[in-house]
Structure formats: structure tokens, C-alpha cells
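One structure below.
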Amino acid sequence: MQIVTDKGFIQNLKATILQSRYVAARLENKELLNLYFQTGKIIDEQINENEWGAKIIDKISNDLQCELPGLRGFSTRNLRKIRVFYNEWKPFIQISSLATNQLLPTDKHGFIIGTSVKNQFVEL
């Protein structure tokens with residue numbers, strides 16, 4: 001016996017799957033941005049508070065690799081970029097909200113910080 005499915009049923013199921021995958025990817029990106037911002041903040045504050053030198057980021061990266069073998073994305077180079085990311089965005093982030101909650105894409109080449117933030121900008 002051959003089972004025939006309705007074309008509309010399959011299209012509806014396909015749309016549901018694709019929408020859910022899009023939402024999952026968006027949430028993952030949001031969480032990664034928050035992780036990078038918080039990681040940059042912690043590293044920057046510790047470096048400034050302890051007056052550590054430039055080689056400390058090498059040590060942090062190596063220590064993370066020892067604690068979490070196989071961890072990817074936290075090389076010395078990436079940790080430096082994460083710190084730069086934090087320092088570039090900290091003036092625009094309201095402390096009580098996540099950065100990703102405040103970023104709204106525009107049809108231009110930039111972002112607008114959500115209306116809850118006083119310092120709004122259009123172009124990066």
C-alpha cells in the first residue's frame with residue numbers, strides 16, 4: 001500500500017522545521033555573543049586589576065586548554081579578539097540588559113541599540 005501525503009501538509013511541516021531551526025540558530029548566536037562579551041569583560045577586568053602584562057592571555061588560553069581539553073575558540077588570538085570585542089561594545093551596553101537583546105538589525109549596514117538605551121547609533 002502506497003501512502004500519499006498532502007503537498008500542503010509537507011509544506012507546513014517544512015516551514016515549521018525551518019522556522020524552529022532559524023530560532024535555534026538565533027538563540028545560539030545570542031548566547032555566543034553574550035559568552036564573548038562576558039569572557040572579554042572578565043579578562044579585561046582581571047588584566048587591569050592585577051596589572052598583568054601582554055603574555056597573560058597566552059597563559060589564560062593554555063590554562064583553559066588544560067582545564068577543558070579539546071576546547072575550541074579560545075586560542076590566544078581569539079581571546080585577544082574577545083577582549084577587543086568587549087572594549088569596543090562596553091560603552092553601548094546597558095548593564096541591566098544583555099547586549100544581544102539591545103541590538104536590532106537595520107536595513108542599513110549597522111545596528112540600532114534598542115529603545116531602552118539612551119545612547120543610540122545607526123552606523124557602526
#### Entry: Phe74 long-range amide H proximity, modeled H, under 5 Å
none
### Message
Run the numbers for Glu67 and Ile3: contour at 0.36 nm per residue of separation, minus the present Cα-Cα distance, in nm.
### Response
17.7 nm
### Query
Residue by residue, what Karplus-based ³J(HN,Hα) values in Hz, rounded to whole numbers, does region 24-40 have, using 6.51, -1.76 and 1.60 with θ = phi - 60° and x for Gly and Pro?
4, 5, 5, 5, 5, 4, 4, 5, 5, 4, 5, 4, 5, 5, 5, 5, x
### Task
For Phe74 and Lys14, calculate 0.36 nm times their separation in residues minus their Cα-Cα distance, and state this gained length in nm to one decimal.
18.0 nm
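Laboratory data are not the source of any read-out in this text; all were calculated from the coordinates shown. None of these values were measured; they are calculated from a predicted model.
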